[in-house]
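Student: One structure coming up, written as structure tokens, with questions to follow.
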Amino acid sequence: MPHPVDYQAVLDQIHGEVQPLLGRGRVASYIPELAKVPGNQFGMAVVTLDGSVHSCGDAREAFSIQSVSKLFALTLAYQCVGDALWERVGREPSGSAFNSLVQLESELGKPRNPFINAGALVVTDVLCTRFVNPETALVEFVRRLSGNATLQYDDRVARSELATGFRNRAMAHFMRSFGNLVNPVDDVMDAYCRHCAIRMDAVDLARAVAFLAHGGVNPWSGEVIVDASSAKRLSALMLTCGTYDAAGDFAYRVGIPAKSGVGGGIVGHIPGRLGVCVWSPELEPSGNSLAGSVALERFTTLTGQSLF
């Protein structure tokens, strides 16, 4: 049996260790509203399956979750259509930037995985078909996962992202030309940008991902989100595809399923134990939080807990 871990002491140590890293990355600037976020912030939270919460720094500062939302959108779409989803989206790492169009040409409009932007647009298309208001459906889903009924998306961020989303719009039109997008592009883009603009803090995100650590069951409500086999498969996609084109290096260094976003958040879990989230808005070149990636590496090292 593993020895008990003093998670609070671990987080406090990590909080001190990452301070010299603040200022070394760059806040995402291609979305104007994200460019306004002060970069020198850091927060981290761990929520164990018995409900214990441990946090440090700016763990209660809400931020735009951006591509972290793709995990929850994928889960909701998978609830709707199951394995039929994989007829439209692949399950392989892309090896390319998250907003690349290159592979769509040679692979006939089928994105490599649901965590790159093209794949997330197809996932959003599924939600647009299944829900009258897909953006509201996802917010309500994340509220249930986290136990926080007040969560909402930031309309300013959504409008900022929509106004500058030329590449995403191009990908959507391109996939529609192959028949892999069935709803109007404007509807898909609107829902997608609102999903990315959901505001959460590190504690809420650590709680929201805990269903995967608990075999697909929401530990706070007992609701079965997905079965245990599906929870395993979603976690495997996080490990292999969840941190952009740095997923291999991230798995090598950190060793847990994780999903990152250019808002600076990274959410992950350790099966049977906990959900974890770190937030620091300054990014390294691949789009992952610079201090957040180091913090999670230190977390699995100091606790001795990872998949490996």
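The values are calculated or read from the model by the stated rules, or taken from the named source; none is laboratory data. This one's a predicted model, so the numbers in the text were calculated from it and none came from an experiment. Cβ placement follows ideal geometry from the backbone for every residue including glycine, while neighbour counts extend to all protein chains displayed.
Student: At least 3 residues that are surrounded by fewer than 24 Cβ atoms within 10 Å (Cβ to Cβ) and touching a residue at least 60 places away in the same chain (Cβ under 8 Å) in each: list the helices (runs of 4 or more DSSP H) lying fully within the range 168-257 that qualify. Talk me through it step by step, then tell me what you get.
Tutor: Values: elements: 185-196, 202-208, 210-213, 228-241, 247-253.
Correct list: 228-241.
Student: How many residues are without any contact (Cβ under 8 Å) to a residue 24 or more places away in the chain and charged (D, E, K, R) if we restrict to the range 1-46?
Tutor: Looking only at that region, the number is 2.
The rows are residues; the columns are (1) among the hydroxyl-bearing types (S, T, Y); (2) buried (at least 18 other Cβ atoms within 10 Å of the Cβ); (3) touching a helix residue (DSSP H, G or I) at 6+ places or on another chain (Cβ under 7 Å).
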position	(1), (2), (3)
S64	yes, yes, yes
K70	no, yes, yes
Q79	no, no, no
V126	no, yes, yes
S146	yes, yes, yes
T150	yes, no, no
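Student: Which residues, taken from the range 6-35, are at pLDDT below 95 and of a type in the set (V, I, T)?
Tutor: I31
Student: Now, a different point. Would you please list the contacts, defined by Cβ atoms under 6 Å and residues six or more apart or on different chains, that run from a residue in the range 260-284 that is on the phi > 0 side of the Ramachandran plot to a residue that is modelled with pLDDT of 95 or more?
Tutor: Every condition considered, the pairs that remain are G264/W279; G264/S280; G264/P281; G264/S289.
Student: Right, something else. In the range 277-294, which residues are surrounded by 24 or more Cβ atoms within 10 Å (Cβ to Cβ), among the small types (G, A, S) and within 21 Å of L71 (Cα to Cα)?
Tutor: S280, S289, G292, S293
Student: Taking the range 25-44, which residues are under 12 Å from S289 (Cβ atoms) and either small (G, A, S) or surrounded by 21 or more Cβ atoms within 10 Å (Cβ to Cβ) (or both)?
Tutor: G25, A28, G39, F42, G43, M44
Student: Evaluate the range 93-108: report whether one residue or more is surrounded by 19 or more Cβ atoms within 10 Å (Cβ to Cβ), acidic (D, E) and not in a loop (DSSP other than H, G, I, E, B).
Tutor: For the range 93-108, residues surrounded by 19 or more Cβ atoms within 10 Å (Cβ to Cβ), acidic (D, E) and not in a loop (DSSP other than H, G, I, E, B): absent.
Student: Within the range 235-276, track down each residue that is within 23 Å of S64 (Cα to Cα) and among the basic types (K, R).
Tutor: K259
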